[in-house]
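A short write-up of the structure that comes next.
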Amino acid sequence: QVQLVESGGGLVQPGGSLRLSCTASGNIFRFATMGWYRQAPGKQREKVASITSGGGTNYVDSVKGRFTISRDNAKNTVYLQMNSLKPEDTAVYYCNRDPYFSAYWGQGTQVTVSS
């Protein structure tokens, strides 16, 4: 059974930083491209970053230069370092494979950027 558990969210002021973590159980992580996704209130879920098993990365334009995705294959964990946060980054953040599997969605972690 696959389980993805996200953590690290919280309330932060504009310009602040957070580091999200996602730990995977089950046999999905080692060779999978993993992604971070987010869903803001009233908006569709979007992919913000992805990382291949070899470490190649991609980012949506709105987070380029501010967010960094990384992974530790030994720990089955993928990270999202978020710097220079903006109010429009407020959302629930999820990890999943890329492309995602609907059955793998976890509960996500809430990120709120507000003064």
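With a Cα-only, solvent-free Debye model of segment 48-102, what are the log10 I(q)/I(0) values at q = 0.12, 0.19, 0.28 Å⁻¹? For segment 48-102 at q = 0.12, 0.19, 0.28 Å⁻¹, log10 I(q)/I(0) is -0.29, -0.71, -1.34.
For the chain, the per residue solvent-accessible surface stands at 54 Å², with DNA, RNA and ligands left out and a 1.4 Å probe. Total lysine pairs in the chain at Cα distances under 21 Å, for residues eight or more apart or on different chains: 5.
Over the alpha-carbon set of segment 9-112, divide Rg by the Kirkwood Rh and report the Rg/Rh ratio to two decimals.
0.94
Within segment 89-109, whose backbone N sits under 12 Å from a point 7 Å along Cα→Cβ of residue 60? Under cut-off, by backbone N: 89-94. Shown is the FRET efficiency for residue 25 and residue 115, computed with R0 = 25 Å from the Cβ-Cβ distance and rounded to the nearest 0.05: 0.10. Taking Cα centre as origin and charging only the Cβ of basic (Lys, Arg, +1) and acidic (Asp, Glu, -1) residues, the dipole magnitude of the chain rounds to 100 debye.
The accessible surface of the chain, taken with every protein chain in place and a 1.4 Å probe, is 45 percent carbon and sulfur.
The values are calculated or read from the model by the stated rules, or taken from the named source; none is laboratory data. The structure displayed is predicted, hence computed values, not measured ones. Note: ideal-geometry Cβ built from the backbone for every residue, glycine included; neighbour counts use all protein chains shown. Accessible surface areas use protein heavy atoms only, side chains included; no ligands, DNA or RNA. Shrake-Rupley method; radii C 1.70, N 1.55, O 1.52, S 1.80 Å.
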